[in-house]
1. Tell me the label-point distance for the pair B:Val320, A:Phe310, using the 7 Å Cα-to-Cβ offset, in nm and rounded to one decimal.
2. What is the dipole size for chain B, taken about its Cα centre, with +1 at each Lys and Arg Cβ and -1 at each Asp and Glu Cβ, in debye to the nearest 20?
3. Loop only per DSSP, at most 12 neighbouring Cβ atoms within 10 Å: give me the chymotrypsin sites (Phe, Trp or Tyr not before Pro) in region A:226-288, ordered by residue number.
4. Label 7 Å along Cα→Cβ of B:Asp343; region B:420-456 residues with amide nitrogen under 16 Å?
5. Answer with one residue from A:Gly328, A:Gly86, A:Ile182: the one whose Cα lies farthest towards the positive end of the charge dipole of chain A, charges on Cβ with Lys, Arg +1 and Asp, Glu -1.
6. Kirkwood Rh, region B:255-362, all Cα pairs: how many Å?
7. Can you give the charge dipole size of the protein assembly as shown about its Cα centre, rounded to the nearest 20 debye, using +1 on the beta carbon of Lys and Arg and -1 on the beta carbon of Asp and Glu?
8. Provide the FRET efficiency to the nearest 0.05 for the B:Asn354-A:Thr98 pair, computing r from the beta carbons and using R0 = 45 Å.
Amino acid sequence: MKAEAGGRPRPAWDPRRLLSGVRGNLELWANLIILTWAVAFAVWQGTGFAIGLGTVFAIWGILSVSLNLVVGYTGLLSVGHIGFFGIGAYAVAVLTSTQDYELLRTGAVPTYEWPFFAALVVGVGLAGLAALVVGVVFNRFRDDIFVLVSFGFAIIAFNSFLNLRGVTRGAFGIHEVARPQIGPWVFDEEFDFLVLALVCLLLVSLVSWLIVTSSFGRVLTTIREDERTAEVFGYRVTHYKLAVWVISAMMAALAGGLFGSWTRFVDPNSFILLESILLVCIVILGGLASIWGSLLGALAFVLLEEGLRFLPFVPDVHVGQARQMTLGLMLVLLMLFRPQGLLGRYKL
Amino acid sequence: MRLRSSRTFWSGDRRGRLLAAALVTAVIAYVGWKIGESPSQALQFGFNGLSVGAIYALLAMGFTIVYSTVWFFDLYYGASAAIGAYGVFYLRSKDALSGLHSVHNAYVNVLFASVVAGVVAWILYETLYRRLSHRYNREVLLAAGGIVSAAAGCYTLAVLHYTENLNVVLSPAVGCAAALATAWLVFKGLERVVGGAGRRIVVGVAAVMGLAVGAFAALYVVGEPGTRLYLSWVLSCLLAGVVGLALYRGLYAHMRERARSPLVMLVATLGILLAISAAIVLVFGSPARPLPDVFGSQPREIWGGTIKDFNLFTVGVAIVAFLGLLFLLKRTSLGRAIRAIGDDEEVSKVVGINTTVVISIVFFIGAVYAALAGVLSGHDTAIQPRMGLLLLLKGWIASVVGGIGNLYGAAIGGLALGMVEQFGIWDLAGEWRDVISFVLLILFLSFWPRGLLPRR
């Protein structure tokens with residue numbers, strides 16, 4: 001900690017000195033606070049609670065890490081990520097559901113009763129395909145207009161989930177989505193599922209880390225900083241952007257498949273535009289172009305909801321709103337004082 | 001080595017224009033085919049498109065004027081629409097909605113009152129203080145300004161508290177506004193006729209006429225409970241506009257100085273939108289609420305198609321708003337300043353335009369337009385917390401389709417968007433309306449990226 005040039009050194013208890021210490025080591029403090037908070041919460045609330053929370057964290061973590069590849073490393077601010085998440089969830093739900101729809105008399109929808117992992121592969125593939133098509137169209141847009149059309153993708157995806165009743169069963173949703181199964185081992189216990197989700201999170205983070213540290217990742221960073229330069233050096237910017245877009249969409253679909261299987265029920269309300277905006281909030285809050293930041297952001301996001309639940313002046317039904325409000329105000333503050341997010345390496 | 005690798009196969013300019021022309025032709029052919037199929041039904045869809053398109057055009061106009069001045073997208077805009085609509089609900093819920101779901105929240109009152117007090121203080125500072133501070137004691141001036149703005153805040157608090165007698169509480173304000181407006185108009189008119197000769201007489205006549213009209217307006221408002229509706233519209237639009245102004249002056253102006261790209265502003269305003277939408281749910285709850293019917297729900301029949309009186313009124317409001325904005329931009333010195341700032345902010349600052357004040361006014365106007373659209377669409381259908389985001393997106397699409405930064409483009413784009421949406425759901429089901437508008441947007445941006453009427 002340095003004293004002001006020319007002046008007397010401030011005493012250790014001076015609030016300005018303390019504040020500058022926090023500002024200088026913000027990353028350390030963010031890590032410390034969020035991780036301590038998580039551990040304290042897990043200890044206080046007991047294992048059952050921590051297992052559920054951990055699964056939610058793993059799903060949001062996969063989503064935010066994958067979105068960070070697009071937003072943080074490539075510089076495309078996409079608000080439509082939830083669409084790919086939904087494609088993954090719906091693919092798994094439609095293909096694995098064992099519900100007898102004839103009983104409900106809401107139209108004949110065939111049941112396939114596939115195993116989870118086969119359905120997951122199909123879902124990831126479908127999302128990749130959708131991302132390819134969408135990406136070819138969206139590749140022309142950048143900055144503000146990209147944000148607008150990605151809003152559009154989220155809305156189109158949501159409306160498709162809601163209105164293609166022959167496939168998705170509309171607002172009724174799909175029940176009895178299968179849990180994953182490897183041979184005789186069914187992931188029926190919550191703890192088993194948590195392990196699976198965390199393994200997936202680890203894999204996604206590892207792949208993302210490999211991507212961003214490879215030469216491919218360096219080209220992406222160049223595109224973010226200056227697209228023209230990347231072109232001049234002979235890289236096909238379009239192809240790079242498309243590739244990372246598809247990869248990120250496939251990761252999101254993986255998270256979607258896990259989500260559908262975990263809740264065992266999928267309906268369009270999980271894939272509204274708002275969730276997508278909150279996801280962007282997580283990525284920016286955690287830090288642009290930082291995988292660890294994304295993980296931390298997702299953790300903070302999950303903890304925030306549970307933390308707000310224990311505040312005396314927030315009624316239980318309004319926890320979601322309180323969280324949304326906190327995130328919104330946090331976004332404003334970040335944009336004012338720290339446009340790269342808590343652990344970010346790239347200023348928006 | 002291919003330098004232009006980002007160009008895809010359809011992106012050549014000529015091909016793009018050809019494809020766009022083909023698209024427009026296809027749309028026109030489709031509409032023509034539909035008209036041939038069933039003229040009366042086509043007329044009906046046309047009427048629906050007109051009434052929806054008028055709201056979109058209102059949104060697009062406000063959006064485009066803000067964007068073409070500061071060159072970033074202000075997403076508070078959607079929240080402003082929601083504030084306008086919910087403001088009417090808030091002001092009317094004790095009275096017209098017979099106390100059902102009556103909402104009253106002291107925090108909201110205090111929040112709006114303090115925003116109004118702050119904005120009044122700022123206005124006084126920018127206008128009177130700057131002129132008078134050379135001649136009078138500054139401490140006295142500051143104290144007087146503080147007292148006046150505190151009084152304005154208290155008055156707002158009173159108005160928001162006694163909403164069941166809106167016409168009585170607001171009558172002094174209405175009287176003052178009418179008096180000032182009349183006096184100003186009379187003064188300007190007579191001054192042009194008389195010239196500089198009889199200035200004192202002109203001032204006297206203007207003052208007397210202003211007082212008379214003001215007193216009459218105040219008395220009329222007090223005696224006529226039917227004016228509460230219109231007062232609530234005006235008040236909630238003004239409040240939303242004041243919040244927009246306060247946001248620019250208090251937040252965006254500082255943020256713009258250090259922002260590296262327009263995306264920073266976009267994300268920050270997205271945060272504002274999130275926070276305000278959440279606050280709306282916290283105060284009003286999440287279910288959709290009705291606003292009272294205004295001119296009766298009985299539709300009027302014109303040439304075999306039916307349209308509600310309120311929708312005709314909406315179209316009228318949109319036309320008036322369009323003409324007003326056009327007049328402001330093309331004929332007044334403020335409009336010249338706005339256009340100058342849009343062209344080059346630094347240079348306008350150098351030639352002596354007070355850019356902060358002008359841009360604040362632009363944000364006020366934009367927010368008022370959004371709130372107006374929110375009120376009108378709220379009366380037309382119902383109000384729900386999501387409406388802010390949806391209206392924002394529709395206004396955004398309409399302004400981009402029309403050509404961002406062009407007022408005519410915004411009007412035409414809004415109308416076109418409404419028409420395409422309504423004709424689109426003729427064959428598809430109504431649920432696909434939002435999809436249609438976004439597909440239109442994406443097609444348009446792919447083939448005709450600068451919009452129908454691009455800014456020169």
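1. In this crude spin-label approximation the distance works out to 5.6 nm.
2. Dipole about the Cα centre, nearest 20: 1500 debye.
3. Taking region A:226-288 and a limit of 12 other Cβ atoms within 10 Å, the loop chymotrypsin sites (Phe, Trp or Tyr not before Pro) found are A:Phe233.
4. B:455-456
5. A:Gly328
6. With all distinct Cα pairs of region B:255-362 included, I get 18.5 Å.
7. On the way: 59 positive and 44 negative charges, 619 e Å.
Here the size comes out at about 2980 debye.
8. 0.05
Throughout, read-outs are computed from the coordinates displayed, never taken from laboratory work. The shown structure was predicted, so the numbers you read here are calculated from the model rather than taken from an experiment. As a convention, Cβ positions derive from the backbone with ideal geometry for all residues, glycine included, and neighbour counts pool all protein chains shown.
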